[in-house]
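Peer 1: The structure follows.
We did not get these values from a lab; they are worked out from the coordinates using the rules stated. Bear in mind that the values here come from a model prediction, so they are computed numbers and not experimental data. Cβ sites come from the backbone with ideal geometry, for glycine too, and all protein chains shown count toward neighbours.
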């Protein structure tokens, strides 16, 4: 799986309200790489991601994907407040997984659920009764269940405590390089304003 291209971006120009956010942006992402998109609020990080995913169209340039297996988490957690945590997980499993029991019982997922989400403690709570940080962690966990070849995260550490951020970053590093059931190696696109997040570990640094 190494050196397998996931995404090629060539000479991309993106505008918002007729104001140029960035011009002539080019990069390629391969399996096992992290692309860190750095910029302050309003710099165009989310606009870049929306263009990559086809939600918006660039003014100029091309975007070519070589996979259709993409996991995405934006600013919106996309959770139903009336469902419990377990109901939410089962909903996403139904969307994403052909073997949900194998996925949930894998050591990788169980360890992440316990360490990051503290699943046993909150599994029966409704989403509306979770803290903002717990809701964000659940949304991240559910995006993991898709097992995408490319994992796109837009400001994933918003509302997370320092320990949760550490667990998440360790998991990202694991996902990008390990072939361990139920995951294959993946490419990561992480958009953030925080320069301390994985800058040294990233293969690509995109400053907006």
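Peer 1: Which distance in nm do the two modelled labels at residue 23 and residue 11 give, with both placed 7 Å along the Cα-to-Cβ direction?
Peer 2: Going by the 7 Å Cα→Cβ label model, 1.4 nm.
Peer 1: From the alpha carbon gyration tensor of the range 5-207, can you work out the equivalent ellipsoid semi-axes (sqrt of 5 times each eigenvalue) and give them in Å, largest to smallest?
Peer 2: Taking √(5λ) for each Cα gyration eigenvalue gives 29, 19, 16 Å.
Peer 1: Please compute the contact order of the chain in relative form: average sequence separation of alpha-carbon pairs under 8 Å and at least six residues apart, divided by the residue count, as a percent.
Peer 2: With pairs under 8 Å counted, the relative contact order is 33 percent.
Peer 1: Based on the Cβ-Cβ distance from residue 205 to residue 159, what FRET efficiency comes out when R0 is 25 Å, to the nearest 0.05?
Peer 2: It comes to 0.50.
Peer 1: I would also like to ask the following. For the chain, take the longest principal axis of its alpha carbons; what is the angle in degrees between that and the long axis of helix 132-144, to the nearest 10 within 0 to 90?
Peer 2: Result, in degrees: 80.
Peer 1: Continuing with this model, one more query. Mind checking the full-extension length gain between residue 111 and residue 76? Use 0.36 nm per residue of separation minus the Cα-Cα distance, one decimal, nm.
Peer 2: That works out to 10.1 nm of additional length.
Peer 1: Calculate how steeply helix 162-177 sits against the longest principal axis of the alpha-carbon atoms of the chain, using the helix alpha-carbon long axis, and give the answer as 0 to 90 degrees to the nearest 10.
Peer 2: Roughly 70 degrees, rounded to the nearest 10.
Peer 1: Something else about it: Rounded to the nearest 500, what is the 222 nm mean residue ellipticity of the chain from helices alone, with -39500 (n - 2.57) per DSSP H run of 4+ residues and division by all residues?
Peer 2: -8500 deg cm²/dmol
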